[in-house]
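One structure is given below, encoded as structure tokens.
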Amino acid sequence: MISDTTVKARISQDVKERAVSALAKMGLNTSDLIRMVMIRVADEGKLPFDIKTPNVVTKEAIEELEKGNGKAFSSTNALFDDLGI
């Protein structure tokens, strides 16, 4: 396969450095990774990994926790007592 085009992406320097380091440990570089992902997307018509997004109930729970409206328990027994189980 002839590689005759370039793909560019903007990403933070920190993320790039960490990714380059991790890829090097696998014997890969950023071009290898991008090429592999693009080929899989082209061939399979989908991402080679799952993207999971929280549902409405989970999003609301996350927002409540971020506002500081949550409960903390010192043990599973304390949690179960609060839940009445």
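Descriptive notes on the structure:
- Matching entry among Thr53, Thr6 (being more than 30 Å from Leu83 (Cβ to Cβ), at pLDDT below 95 and loosely packed, with under 10 Cβ neighbours inside 10 Å): Thr6
- Which numbered condition Lys67 fails, given (1) farther than 30 Å from Val7 by Cα; (2) of a type in the set (Lys, Arg); (3) in the same structural domain as Lys16 (by TED's automatic domain parsing): (3)
Residues are listed down the side, and each one gets a yes or a no for (1) within 23 Å of Asp4 (Cβ to Cβ); (2) of a type outside the set (Gly, Ala, Ser):
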| position | (1), (2) |
| --- | --- |
| Val15 | no, yes |
| Ala19 | no, no |
| Leu28 | yes, yes |
| Leu33 | yes, yes |
| Glu44 | yes, yes |
| Asp50 | no, yes |
| Val56 | no, yes |
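- Count of the stretch 30-62 residues which are under 29 Å from Arg10 (Cα atoms) and either among the aromatic types (Phe, Trp, Tyr) or within 19 Å of the chain's Cα centre (by Cα) (or both): 20
The values are calculated or read from the model by the stated rules, or taken from the named source; none is laboratory data. All of these numbers come straight from a predicted model, not from anything done at the bench. For neighbour counting, all protein chains shown are included, and Cβ atoms are generated from backbone atoms with ideal geometry for every residue, glycine included.
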